[in-house]
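Working notes, beginning with the structure itself.
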Amino acid sequence: PLGHTGLGDSPYAPLSCFAGNPYFIDLNILVRKGLLTRKELSTRMFGIDPCSIDYAKLSELREKVLRRAFMNFEPTGDFMKFKYENASWLDDHALFMAVKNKFGGSSWSDWDNDIKTRKRDALKRYTKELSEDIEFYKWEQYEFDLEWFALKKHANAHGIEIIGDMPIYTAYDSSDCWANSYLFMLDKNKNPISVAGCPPDDYSPDGQLWGNPVYNWNNIRRHSYRWWISRIRQNLKFFDIVRLDHYRGFDSFYSIPMGETTARHGTWNPGPGMSFFNYINKTLGRSKFIAEDLGFLDDSVRDMIRQSGTPGMKVLQFAFEDGPASEYLPHNYPKNCVAYTGTHDNDTARGWYNSLSSEGRSFFRDYTGRLDINEADAAAEMIGLVQRSPADTCIIPFQDILGLGSEARINIPGTIEGDWRWRMKYNDFSSAVAKRTADMTEACGRAEWIKEKKKTNEKQ
């Protein structure tokens, strides 16, 4: 997800469901625009470990640098147009960020009551008082927008589509929850009544307590899904294909009473179901979605996926503990699915194989026909399995392309510290890695555009 991360650094608890993350703004581009100098960049520290993001440093220093650039920015007609076209979410988000800054970064639940509850006079007063700050946060989104769509245009021009992820939930401490409290299950004091998570299972005896406020789908339906339509439209603008996170939550969602310390005492509640997707298709037209349909699925969820025609996900790491009938083994994949070696919630392929049970390893060797396989070979073997599967699309985490171990794992579900930090070094994607990846992709018939390009070049 591209969302503006907050406490915990998770892109699945964004400060806004519409705003981009200003951490992605390229400071070198700001230098080329004359908004910063090289000297101003060299005096700033953004962490010293090339393989790990230092969010504390980013939080402390990145905004200072961006504010320096904003001071040198002269408003343009394009900036005015951007503000006008995005006012439906941008005005609330910029005011939210400015007020949050005024109150020392505290959650909106701790603000003075008049602005916490959005009294009209308070909104006017803070908008006037914090006007410069508000303009800064609007410019931040404008700059993000310019850079993102330049990147997307470049990718699309080279035949590359971008798949983006849309988290189902937002953070409680978000501009969406503050400005549109009717969307969520909140009490009269604007505090969550219940929060999201997953029930206990074999892997997590206490379940997962995510803490995001759950939706009030009855209210959302009464407002003709207006906020959701705007949100999906924004994501379809950012991306060519959108992965709908926690797809089963649209059929039924797990709700945990506020104050619980585990997810043991939650209940399943009905979501909007297929009527929601019918309304989306009617309003926005048929769009390219991927359903994140992992976890506990019942017949109702499967029926919704079947009716929508949205491809689901198959994760190879889930395949080797349940025998030949496992739906995650490649020979059982339908064509209309997206196959992964693993996702951001899994260990890397190498790390996974290292912790696999002896029975799982034995089955893995039997399935691949590689009796001599070891930890170092596991990632390449798994990439080959998903590439050769009948799945329409396959996605390979870059850590698996590089054959990295658990040190490169990016997220451990249910934890709140130390995640989302891994990053690839510039030189990791060597010409040898590129060739090996391209050769396998082409050999498995997943690079038709390469063949077409070769034919074109030969003709020329």
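List of remarks:
- Computed from the Cβ-Cβ distance with R0 of 60 Å, the FRET efficiency linking Asp187 to Lys435 stands at 0.55.
- Spin-label model, Tyr426/Asn218: points 7 Å from Cα along the beta carbon direction are separated by 5.7 nm.
- Of all beta bridges that DSSP places with both ends in the range 101-248, some 55 percent have antiparallel geometry.
- Expressed as a whole percent, the accessible area of the range 209-250 that falls on carbon and sulfur atoms is 45 (1.4 Å probe).
- Positive-end ranking of Ile134, Cys51, Asn113 along the dipole of the range 22-179, with charges on Cβ about the Cα centre, is headed by Ile134.
- Order by protection proxy (mean Cβ within 10 Å, highest first), peptides 358-364, 401-407: 401-407, 358-364
- Angle between the chain longest axis and helix 131-157 axis [Cα atoms, degrees, rounded to 10]: 30 degrees
- Sum of side-chain charges, Leu371 neighbourhood, beta-carbon under 13 Å (Lys, Arg +1; Asp, Glu -1): -1
- In terms of packing, defined here as the mean over residues of other Cβ atoms within 10 angstrom, the peptides 273-285, 11-23, 315-327 line up highest first as 11-23, 315-327, 273-285.
- The angle between the Cα long axis of helix 431-443 and the main principal axis of the chain comes to about 60°, on a 0 to 90 degree scale.
- Relative contact order computed over the chain (Cα-Cα under 8 Å; 6+ residues apart), in percent: 13 percent
- Each of Phe103 and Lys39 was given a label point 7 Å from its Cα along the Cα-to-Cβ line. The distance between the two points is 4.0 nm.
- Theoretical FRET efficiency, 1/(1+(r/R0)^6), r = Cβ-Cβ of Leu7 and Leu297, R0 35 Å, to 0.05: 0.70
- Farthest toward the positive end of the dipole of the range 317-460, out of Asn374, Ser406, Met424, is the Cα of Met424, where the dipole comes from beta carbon charges about the Cα centre.
- Local net charge near Gly34, Cβ-Cβ under 15 Å (Lys/Arg +1, Asp/Glu -1): +1
- For the pair Ser204 and Thr267, a Förster radius of 22 Å applied to the C-beta separation gives a FRET efficiency near 0.80, rounded to the nearest 0.05.
- Solvent-accessible area per residue for the chain (1.4 angstrom probe, square angstrom): 50 Å²
- Among Pro75, Tyr23, Ser10 - extreme Cα towards positive end, dipole of the range 1-142, charges at beta-carbon: Pro75
- The chain - share of DSSP beta bridges that are antiparallel (%, nearest 5): 50 percent
- Partner lysines for Lys128 [C-alpha distance under 30 Å; skip if fewer than 8 residues away on the same chain]: Lys33, Lys64, Lys81, Lys83, Lys100, Lys102, Lys116, Lys119, Lys138, Lys188, Lys190
- Helix 120-129 axis versus longest C-alpha principal axis of the chain: approximately 90°, rounded to the nearest ten.
- Of all accessible heavy-atom area on the range 1-100, the percent that carbon and sulfur account for (1.4 Å): 56 percent
The values are calculated or read from the model by the stated rules, or taken from the named source; none is laboratory data. As the structure is a prediction and not an experimental result, all values here were calculated from the model. When we count neighbours, we look across all protein chains shown, and the Cβ atoms used for this are built from the backbone with ideal geometry, even at glycine. Ligands, DNA and RNA are stripped out before the accessible areas are found, and what is left, the full protein with its side chains, is counted by its heavy atoms. Shrake-Rupley method; radii C 1.70, N 1.55, O 1.52, S 1.80 Å.
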